């Protein structure tokens, strides 16, 4: 099911199987999805994420490997007073079911060849409309939480 002929309003706020999906502040595209999802998760622009990659000597131009993503996310969490952990999807929960179950919180979702952001039950990405086959293939996720609650 590929959604194409949508009005501009429908493009802005799409619903797929009961989960609202919106476009990220700077959009997402294959090859840069790691920096896009990570920057959205840490409330920074993609340029700042690219700068962090340069400081950490990560080659972001060709995309980031899982290990590099994990390293970058861990470093950003430590300097922003957040705790983060990665959890593999051993229960084989679909992406949609995971989103419906997690209406609160910030998660970077790991699907085959793509990362995206889930914030408070809303996917900040439109990749899944061009690639609906991936919806049932959640590999795992990083959960990002604040260290302190005020």
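The values are calculated or read from the model by the stated rules, or taken from the named source; none is laboratory data. Note that this is a predicted model, so its numbers are computed, not measured. Note that we place each Cβ from the backbone using ideal geometry, even for glycine, and neighbour counts take in every protein chain shown.
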I'd like the residue in the stretch 122-150 that is touching a strand residue (DSSP E or B) at 6+ places or on another chain (Cβ under 9 Å) and assigned to a loop (DSSP other than H, G, I, E, B) and, out of all such residues, is surrounded by the fewest Cβ atoms within 10 Å (Cβ to Cβ). 147
Hey, can you tell me all the residues within the stretch 71-89 that are surrounded by 17 or more Cβ atoms within 10 Å (Cβ to Cβ) and more than 10 Å from residue 144 (Cα to Cα)? 72, 76, 89
Could you list, in sequence order, the residues of the stretch 61-70 that are closer than 20 Å to residue 45 by Cβ and either touching a helix residue (DSSP H, G or I) at 6+ places or on another chain (Cβ under 8 Å) or surrounded by 13 or more Cβ atoms within 10 Å (Cβ to Cβ) (or both)? 63, 64, 68, 69
Only one of these is on the phi > 0 side of the Ramachandran plot, out of contact with any helix residue (DSSP H, G or I) (no Cβ under 6 Å at 6 or more places or on another chain) and either in a loop (DSSP other than H, G, I, E, B) or surrounded by 16 or more Cβ atoms within 10 Å (Cβ to Cβ) (or both): 103, 92. Name it. 92
Of (1) in a helix (DSSP H, G or I); (2) more than 19 Å from residue 125 (Cβ to Cβ); (3) at pLDDT below 90, residue 74 satisfies all except one. Which? (3)
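Let's see how each residue does on (1) in contact (Cβ under 8 Å) with a residue 40 or more places away in the chain; (2) closer than 17 Å to residue 43 by Cβ:
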residue	(1), (2)
111	no, no
118	no, yes
123	yes, yes
126	yes, no
135	yes, no
138	yes, no
Residue 40 being at pLDDT 70 or above and buried (at least 19 other Cβ atoms within 10 Å of the Cβ): yes
For the stretch 71-84, which positions are in contact (Cβ under 8 Å) with a residue 24 or more places away in the chain and under 18 Å from residue 115 (Cα atoms)? 72, 73, 76, 77, 84
Residues that are in contact with a strand residue (DSSP E or B) (Cβ under 9 Å, 6 or more places away or on another chain) and loosely packed, with under 14 Cβ neighbours inside 10 Å, drawn from the stretch 106-120: 120
Being in contact (Cβ under 8 Å) with a residue 60 or more places away in the chain and within 15 Å of the chain's Cα centre (by Cα) is true for just one of 106, 65. Which residue is that? 106
